[in-house]
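Read the figures in this text as sums done on the coordinates, not as results from a lab. What you see is a predicted model; the values in this text were computed from it and never measured. Because the Cβ atoms are built from the backbone with ideal geometry, glycine has one as well, and the counts that use them run over all protein chains shown.
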4 protein chains.
Amino acid sequence: MGNTFGHLFRVTTWGESHGGGVGAVVDGCPPRISLSNEEIQRDLDRRRPGQSRITTQRREEDRVEILSGVFEGSTLGTPILLMTRNRDTRSGDYDEVRETYRPSHADYTYQAKYGIRNWQGGGRASARETWGRVAAGAIARKILRERCGVEIVAYVQQVRDLAAEVDPSDVTRERVEANFARCPDAGVAERMIAAIDAARKDGDSLGGVVACVARNVPPGLGEPVFDKLEADLPGACSPFRPARVSKSGPGSGGCG
Amino acid sequence: MGNTFGHLFRVTTWGESHGGGVGAVVDGCPPRISLSNEEIQRDLDRRRPGQSRITTQRREEDRVEILSGVFEGSTLGTPILLMTRNRDTRSGDYDEVRETYRPSHADYTYQAKYGIRNWQGGGRASARETWGRVAAGAIARKILRERCGVEIVAYVQQVRDLAAEVDPSDVTRERVEANFARCPDAGVAERMIAAIDAARKDGDSLGGVVACVARNVPPGLGEPVFDKLEADLPGACSPFRPARVSKSGPGSGGCG
Amino acid sequence: MGNTFGHLFRVTTWGESHGGGVGAVVDGCPPRISLSNEEIQRDLDRRRPGQSRITTQRREEDRVEILSGVFEGSTLGTPILLMTRNRDTRSGDYDEVRETYRPSHADYTYQAKYGIRNWQGGGRASARETWGRVAAGAIARKILRERCGVEIVAYVQQVRDLAAEVDPSDVTRERVEANFARCPDAGVAERMIAAIDAARKDGDSLGGVVACVARNVPPGLGEPVFDKLEADLPGACSPFRPARVSKSGPGSGGCG
Amino acid sequence: MGNTFGHLFRVTTWGESHGGGVGAVVDGCPPRISLSNEEIQRDLDRRRPGQSRITTQRREEDRVEILSGVFEGSTLGTPILLMTRNRDTRSGDYDEVRETYRPSHADYTYQAKYGIRNWQGGGRASARETWGRVAAGAIARKILRERCGVEIVAYVQQVRDLAAEVDPSDVTRERVEANFARCPDAGVAERMIAAIDAARKDGDSLGGVVACVARNVPPGLGEPVFDKLEADLPGACSPFRPARVSKSGPGSGGCG
């Protein structure tokens, strides 16, 4: 069950960082939603590593292919297979970790759980697995916006101790996209970029906080007892720990 | 799905605070586990309100009845129905909230979601719903201990700003039970009790932090991508926000 | 999973024939459906053994209790616990089968699967387990009728080689109830009753076929690939083997 | 849910006959099972249309690609993506059915359910969808054989009124493969082929019965109440109606 998320709209991601490819099956998508490769690609391009000097330098082309579930630009109501092939899989890069476990990676955990792992990279625990989540999420967000009027915007709230000073209720996607730290506070964004640069020069990286605002959420959404909405979100995007959930009123919620 | 938790060992709780009763169905329990009412009652007695002056004064007898799934003291592998009737349901107490929503309760949310609610009390959102979780949890903990050697102990880590100073790795259930604040730091426990007493006199209550330690957890436990263990825990006991997860080594984990 | 049926409207039955009681939890029932004990009892009374000389002579009172999910005559959208206690459980009747397996019963199967069984009776495999299905089914049928206009009528189509000659499209519940063979062909019903009487005198019983007609079923109902409607029906009422499925047109289906 | 089958070993098929491709995701496959493309291809080759003059003449290459879940010839315990591209999709062949519903096809049903369909072919209801089932089934059968000693053999038991006279308990896969009717009764096989040939010349086709024998099945397998094994089988391979289930003893079962 741990590779599938959702009940009516179900996303199953598949793929290791150094296998043949990565992707997702989206089942339960309503029929007659217009859907093009370009729309999904737009979000995948935002995700793509190597866009700027502050993210991982691995190069991925990541053109999405839709192999099923869409016909003449419209969803059919049948499973949607989204995929891309792995290309930049220089397994030689990883030879040294064949016998060792990298700190802060899931190498040991996968070995303990399955008795085997794709040592050429992070396997399923690689950030590359999120490719399928982003592709499927692009469809989910479109449905939420078109069918339910729900608007979702996420942004970098904090890097190390540098925190954006913004009012979540008026952050727009445009402001988030205005710099490559994806922080809507332009001044703090510059300092974030400088801090990341400095850490990178030291061979280090920095932790941070991502905030996500969902607007026009209908009151009463979510499960009543187990797996409530606040508990469901970590299930979708773990490692994740809700830092703060503010409810400014019915129909409005933001989690940071 | 929001009233059921688990996959192979599945707990479905049912019951409102002011309906006929509350309870749980446990499906997927292994057969041939010895199980008595007394074992489950022991945990229910720990949960019972009105045990001391610092908890809610509502009185509940809460004798567990096992209506199915156990035969001659042994589980059958069939669904186990655990129940108790509601008795102390003075609906008159709640007349004033028939038309109003209580702050910090789920009254409005249930009304918005279902268009109806049992206004005589908290309904499903009442703490009384946890009766079924405790009863089912007593069975789960027994299986984990007997079949897997996993030991679980939870305790009050903090009340308001009063934090226990204990090493999670050597907290025992005996120390937790030694005072009715259920805080293994006896000195802090006394101050917690005094603070709760003072707040209660002001018609107020205090927030806190519960720590839970699980020992001898096998490495690799949990789902690999979605609904990982850290994300699954909030689903079981929400409202819940993991404050800290420390992993002191393979086979050991504690979450506070 | 084998004690739960359905996805959005989910029925979990619990209870052995010789435990404390039997019943069901219905989760996912829409809120604001009027529901009384009497409505459910009506179907349970039709199910009750001992109503006539041709059915099993075991006596069951079987008054339904609704312990949760209904408030002031209306469903709440929360789990509905339906239960009745076992009374006529003369375990002495079964002493001889403690060490032996009864032919055509699931005694051996349960022993093989679980390594234990409630030998005092059929346990979960007893027809008594169907009490919960009938109680939950009464709710399901009401929702289908009131919300979707779907009408369902079932009847005894055949006993041994005695087959009713009726047109499924015009069988009414009144005609089915007109005799205690529950066969809408009055002439054949009499011969069925005589045949059952004769078999019973010989200490035998007779097989038969039940037909069930569902009217106003919307076209497109059911799953597209796996677990299609025709495959789902046996899952609900096994042992069951669809004898014939006729589709007389869109929006109409009957399975016998 | 209707595109997924199974609980612990879960198969989700995807793909329409005239989309980009077809395939399956297998989740829950145990790790450290040796698995090669060739093993799966062997079963896919048996499935492939156009192998003989008596099956559909559509030509499919159908080379399986495994894009994830297998590393150095071994399963990883992660989702296995099996796929092949569609090639022989001459949509021109289907222009005439753009506006009409083909008899005995699911065209109308899909249109009624989803309000859209891939009219270029059978879409999800095409026999091409079974490609993913066969590929996933090859893995399932291997695990059943290697881990549980369960042996499965299926064969054509009947075509029109021509029935094989064989003892299910000694049918071997070799005898089934000995002729392209896949009927272990060589004499009847010849007459089946002649009958199919004759029907084909008339632009017709013939119905039949497939028998499947599973040997060394452990007693107690399957769910206890709902979705029992006999009810689960139709869910996997519908349209399917169990014609006969014989149980010759513990640990042995055959269904035809």
Average beta-carbon neighbours from other chains, 10 Å sphere, peptide D:109-119: 6
Span from the the range B:23-49 Cα centroid across to the the range D:219-238 one, whole angstrom: 30
Other-copy label distances relative to D:ILE143, 7 angstrom Cα-Cβ extension, nm: 2.0, 2.7, 3.2
Of A:LYS142/C:LYS142; A:LYS113/B:LYS142; B:LYS228/D:LYS142; D:LYS113/D:LYS142; C:LYS142/C:LYS228; A:LYS228/B:LYS228, those spanning more than 27 Å from alpha-carbon to alpha-carbon: A:LYS142/C:LYS142; B:LYS228/D:LYS142; D:LYS113/D:LYS142
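Shielding by partners for B:28-40, please: the mean number of other protein chain Cβ atoms within 10 Å of each residue's Cβ.
Details: counts 3, 0, 2, 6, 3, 0, 0, 0, 0, 0, 0, 0, 0.
That works out to 1 on average.
Can you give me the convex hull volume of the Cα atoms of the range D:80-217, divided per residue and expressed in Å³? Intermediate results must be reported in sequence, preceding the final value.
Working: hull volume 22.9 nm³, N = 138.
Here the figure is 166 Å³ per residue.
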Coarse-grained scattering of the range B:194-234 at q = 0.14, 0.17, 0.28, 0.35 Å⁻¹, given as base-10 log I(q)/I(0) from a Debye sum over alpha-carbon atoms: -0.57, -0.64, -1.02, -1.13
Inter-copy spacing of A:GLN111 label points, which lie 7 Å from Cα along Cα→Cβ, given in nm from shortest upward: 4.8, 5.8, 5.9
Label 7 Å beyond Cα on the Cβ vector: B:ARG42 copy-to-copy distances, nm: 5.0, 5.5, 6.1
Per-bin percent of Cα-Cα distances, the range A:92-165 [5 Å]: 3, 12, 15, 13, 11, 14, 14, 11, 6, 2, 0
Residue-by-residue Karplus 3J(HN,Hα) for the range B:138-153, coefficients 6.51, -1.76, 1.60, Hz, glycine and proline x: 4, 5, 4, 5, 5, 5, 4, 6, 6, 8, 10, x, 7, 10, 10, 9
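Would you kindly work out the equivalent ellipsoid of chain C from its C-alpha gyration tensor and give its semi-axes, the square roots of five times the eigenvalues, largest first in whole Å?
Numbers: eigenvalues 160, 133, 70 Å².
In descending order, the three semi-axes are 28, 26, 19 Å.
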Cα-based radius of gyration of the protein assembly as shown once divided by 2.2 N^0.38 Å, which approximates compact folds: 1.00
Per-residue average of Cβ from other chains inside 10 Å of A:129-141: 1
Unit Cα scatterers, Debye sum, the range A:156-240: log10 I(q)/I(0) for q = 0.12 Å⁻¹: -0.48
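In whole angstrom, how long is each semi-axis of the equivalent ellipsoid of the range B:4-154, when you take the square root of 5 times every eigenvalue of its Cα gyration tensor and sort them from largest down?
Working: eigenvalues 187, 56, 39 Å².
Semi-axes from the Cα gyration tensor: 31, 17, 14 Å.
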Residue-by-residue Karplus 3J(HN,Hα) for the range B:71-86, coefficients 6.51, -1.76, 1.60, Hz, glycine and proline x: 9, 6, x, 10, 5, 9, x, 9, x, 9, 9, 10, 8, 8, 7, 7
